[in-house]
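Structure first, then comments.
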Amino acid sequence: MSIIDAHCHLANLADITALEPLLDEAEAKGITRFVSSALRKSEVAWHLQHPDSRIIFSAGIHPNFDECDLDMKDLKKLCDEKSIWAIGEIGLDNGNPEIAVQRKEFVQQLELAADYRLPVVLHIVGHQEEAYKTLKQYPLPYLVHGYAGSTEGFLQLKRLEAVFSISSRILKEEKLDLLTAMLNHKRILFETDITQYYVHEGESNPLLRLIDVVEKCSALSGISVPRLLGMQAVSARFLWAKN
Ligand SMILES: [Zn+2]
C-alpha cells in the first residue's frame, strides 16, 4: 500500500512537534509521499532547511488565512530557484469579504504559474462560477484540494481536467452525491489538510489520519481500497508525470 497525502501543511505542523518520527511512522504504515502547502515565510524557510525525499511543497498567497505573509516577490524567487512543485494553495474564499484583493492576487499568481509552467493547487470555497471562468483562461494542471461545495460547482470545475483531493469534509452521508461524482471522475487523490490547528488533544500522529480518509471513502462508496489506490496512482501519474 502506498498512499500520498496530497494536501497537508507539514511546516505549519512542525511548529508544535518534531516531524521526523511522525513521517517515519507514517511511511512504515504506507504513507509514502507528502504534498505540503507553505503559506508563511517561516514555513517556506522550514521546507528549504528540511529537504526530505518524501516531501514536495508548494507556496502561495491564500485567499483567507490572516497569517499568510508571502508576497509575489517571495513566490517569484521560489520559482526562479525551482524550489516549489506548484503555486498554491490559491483561489477564492467567500469567508473573506475582501473579494477585490482576492481576485487580484488570484490572477497574479495564475500568471506567475503560467510564466513558469507550474501546476496550481486550488482552494475554492464559494465563488465557484467566477473561479471557473478565471481558471478556464489558464490551461494549467490543477489540483483542487478539499473541495466540499455543491455538486454543480464540482461538475463545472471538473471541466478543467483537474485532479481533486478528497478530504474528510465530504466523507459523510449528506455529501455522498459529491463524493460519487468525484469518484466517477476518477482523477482523485486523498488528503489530511493537517495543520497545527487541527491536531486533537492527545493525538500521537495526525499524519495517520490519511488511512482513515481512504478507509472511510471505501466504506461510503463501496469501492475497495485497492481500487481507490489504483485511481490515486493513475491521478498521481497524470499530475506529476512531468515533474
Ligand atoms: Zn490547506
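Give me the orientation-averaged projected area of the Cα convex hull of the stretch 138-243, in nm², one decimal.
On the way: hull surface 30.9 nm².
That works out to 7.7 nm², a quarter of the Cα hull's surface.
Once you have the Cα-Cα distance between residue 173 and residue 234, take 0.36 nm times their residue separation minus that, and quote the gain in nm to one decimal. Write down the numbers at each step before the final one.
Values: separation 61, 0.36 × 61 = 21.96 nm, distance 2.65 nm.
Full extension from residue 173 to residue 234 adds 19.3 nm.
Measure out, as a whole number of angstrom, how far apart the alpha-carbon centroids of the stretch 27-71 and the stretch 132-208 sit.
The stretch 27-71 and the stretch 132-208 have Cα centres spaced 18 Å from each other.
Could you size up the charge dipole of the chain around its Cα centre, putting +1 on the beta carbon of Lys and Arg and -1 on that of Asp and Glu, and report it in debye to the nearest 20?
1080
Per the Kirkwood formula on distinct C-alpha pairs, the Rh of the stretch 1-88 is how many angstrom?
13.4
How many nm is it between the label spots at residue 150 and residue 71, if each spot is 7 Å from the Cα in line with the beta carbon?
Going by the 7 Å Cα→Cβ label model, 3.8 nm.
What does the net charge come to around residue 220 if you take all other residues with beta carbon closer than 15 Å to its beta carbon, with K and R at +1 and D and E at -1?
0
By the gyration tensor of its Cα atoms, with a ≥ b ≥ c the square roots of the eigenvalues, what is the shape of the stretch 93-170: rounded for a/c under 1.5, prolate for a/b over b/c, or oblate?
Because a/c hits 1.5 or more and a/b fails to exceed b/c, the stretch 93-170 counts as oblate.
Work out from phi, with θ = phi - 60° and the Karplus expression 6.51 cos²θ - 1.76 cosθ + 1.60, the ³J(HN,Hα) of each residue of the stretch 210-219, listed in order in whole Hz, and give x for Gly and Pro.
Residue by residue, the stretch 210-219 yields 4, 5, 4, 4, 5, 5, 5, 4, 5, 4 Hz.
Express in nm, to one decimal, how much length is gained between residue 100 and residue 54 on full extension, taking 0.36 nm for each residue of separation and deducting their alpha carbon distance.
Fully extending the segment from residue 100 to residue 54 adds 12.8 nm.
Which FRET efficiency value, to the nearest 0.05, is calculated for residue 64 and residue 227 with the Förster distance at 30 angstrom and r the Cβ-Cβ distance? Write out the running numbers ahead of the final one.
Working: r = 35 Å, r/R0 = 1.15.
Efficiency computed from Cβ-Cβ geometry: 0.30.
Give me the distance in nm between label points sitting 7 Å out from Cα along the Cα-to-Cβ direction at residue 16 and residue 132, one decimal.
The answer from the label model is 3.7 nm.
What distance in nm separates the two pseudo spin-label positions at residue 161 and residue 115, each 7 Å out from Cα along the beta-carbon direction?
Taking the two extended label points, one gets 2.5 nm.
As an exercise, find the ratio Rg/Rh for the chain from alpha-carbon atoms, using the Kirkwood inverse-distance average for Rh.
Rg/Rh: 0.93.
Taking the alpha-carbon distance from residue 133 and a cut-off under 16 Å, which aspartates and glutamates remain once sequence neighbours fewer than 8 residues away in the same chain are dropped?
93, 105, 111, 152, 161
Since every read-out is calculated from the coordinates, none of them should be taken as a lab result. Being a predicted model, the structure only gives us computed values, none of them experimental. No Cβ is skipped: glycine too gets one built from the backbone with ideal geometry, and neighbour counts run over all protein chains shown.
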